[in-house]
Amino acid sequence: MRTVEVHHEITGASDLPVLVLAGPLGSTLEIWDPLVEALAERFQVLRYDHRGHGRSPAPGGTFTIVDLAVDVVALLDRLSIERAAFCGLSLGGMVGICLAANVPERLSSLVLCSTSAYYDDHGPWVERGASVRWAGTAGIAPDVVAGWFTPDWAAVHPEIVEKTIKMIAGTPDDGYAECCSAIAGWDGRRSLGRINTPTLVIGGSQDSGTPVNPHAKTLEKAIYRAKLEVFNGAHLAIFEEADRARRLITRHASAR
């Protein structure tokens with residue numbers, strides 16, 4: 001299995017416990033800007049770009065969620081980090097599920113935001129990947145971001161919406177399309193019962209792409225002692241309620 005040396009940034013004092021932040025499809029590590037400064041008061045925050053995203057290279061060919069997770073293990077090894085708290089959003093949450101199920105000794109805690117162990121309908125991911133190969137990420141970026149924030153919140157924060165659209169539009173077409181394929185082929189349901197890492201699940205009440213029921217509720221039910229918090233927001237609800245997200249993530253990750 002070929003790993004990728006993913007681009008990363010570290011924020012916070014070196015003597016603090018490590019918190020890894022993994023973002024959604026089409027994002028770069030800058031997606032975490034609204035939370036990173038506050039989280040860095042309590043953690044050494046490690047953010048990274050998935051392979052084929054931002055400043056991380058793509059190895060070419062197809063890859064899976066497992067490959068994305070192995071990239072994280074390689075990153076931790078390269079930085080001599082034996083154990084870390086992990087917070088994954090959407091695609092990043094799938095990576096977190098894979099890590100917790102297969103290398104639990106590397107995670108002290110897990111936060112899963114707006115993510116899923118499985119999508120019954122693979123069609124939208126196949127179609128989105130095909131659209132990107134035809135029209136590029138710039139062609140889909142506005143429609144994707146329209147589902148990431150509620151209309152009222154987006155109207156009040158147009159600069160964040162525009163920044164996010166540019167982030168997706170700047171993602172390499174091949175990296176984005178291959179991650180669509182990885183999501184379409186993802187089935188982590190059998191992994192959930194193996195997870196003993198303390199887990200907090202966060203869902204958005206207005207998330208139409210990954211609705212709380214069944215996605216977040218499935219995670220809550222199947223993962224041992226997982227706790228569910230529902231935010232008033234869309235797919236990126238943790239940024240719509242950033243203060244609440246910061247408090248919950250800090251409390252959950254600090255307790256381990």
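Readers should treat all values here as calculations from the given coordinates under stated rules, not as data from a laboratory. Small disclaimer: the values here were computed from a predicted structure and weren't measured. Don't worry about glycine lacking a Cβ; one is built from the backbone with ideal geometry, like all the others, and counts go over all protein chains shown.
Some observations on this one:
- Net charge, residue 52 excluded, C-beta distance under 10 Å - Lys, Arg +1, Asp, Glu -1: -3
- Cα gyration tensor shape for segment 1-101, rounded if a/c is under 1.5, else prolate or oblate: prolate
- Karplus (6.51, -1.76, 1.60) ³J(HN,Hα), θ = phi - 60°, over segment 14-19, in Hz, Gly and Pro reported as x: 6, 8, 8, x, 8, 10
- The string of couplings for segment 118-130 from the Karplus curve (6.51, -1.76, 1.60, θ = phi - 60°) is 5, 10, 4, 9, 7, x, x, 6, 5, 5, 5, x, 5 Hz, one whole number per residue in order, with x for Gly and Pro.
- Potential extension, residue 13-residue 152 segment - 0.36 nm per residue separation minus Cα distance: 46.4 nm
- For a straight C-alpha distance cut-off of 25 angstrom, the lysines reachable from residue 227 (same-chain residues fewer than eight places away being disregarded) are 217.
- Cβ-Cβ FRET estimate between residue 205 and residue 133, R0 fixed at 30 Å, reported to 0.05: 0.35
- For residue 56, the residues whose amide H sits under 5 Å from its own are 7, ignoring neighbours fewer than 5 places away on the same chain, with H placed 1.01 Å from N.
- Dipole of the chain, positive direction: furthest Cα of 216, 130, 52, with charges on the beta-carbon: 216
- Computed magnitude of the charge dipole of segment 136-256 (debye, nearest 20; Cβ of K, R +1, Cβ of D, E -1): 920 debye
- Segment 125-182 - charge dipole about Cα centre, Lys and Arg +1 at Cβ, Asp and Glu -1, debye rounded to 20: 40 debye
- Of all the options 79, 39, 236, the one that moves most in a Gaussian network model of the chain with Cα springs shorter than 10 angstrom is 79.
- Here is the P(r) of the chain: all C-alpha pair distances, binned every 5 Å from 0, give 1, 7, 15, 20, 22, 19, 12, 5, 1, 0 in whole percents.
- Considering only 140, 253, 154, and ranking their Cα positions along the charge dipole of segment 103-256 that arises from unit charges at the beta-carbon of Lys, Arg, Asp and Glu, the one farthest toward the positive end is 253.
- Restricting the calculation to Cα atoms, segment 98-165 shows an Rg/Rh of 1.09 when the hydrodynamic-style radius is the Kirkwood one.
- Residue-averaged [θ]222 nm for the chain, counting only DSSP H segments that reach four residues, each worth -39500 (n - 2.57): -12500 deg cm²/dmol
- Shape of segment 139-198, Cα gyration tensor, a/c cut at 1.5: oblate
- Computed E for residue 55/residue 80 - FRET, C-beta separation, R0 25 angstrom, nearest 0.05: 0.70
- For the chain, the Cβ-based charge dipole about the Cα centre amounts to some 840 debye (Lys, Arg positive; Asp, Glu negative; other atoms uncharged).
- Segment 39-53-segment 133-178 distance, computed between alpha-carbon centres (Å): 20 Å
- Once both labels are positioned 7 Å from their Cα atoms along Cα-to-Cβ, the gap between residue 251 and residue 2 label points is 4.6 nm.
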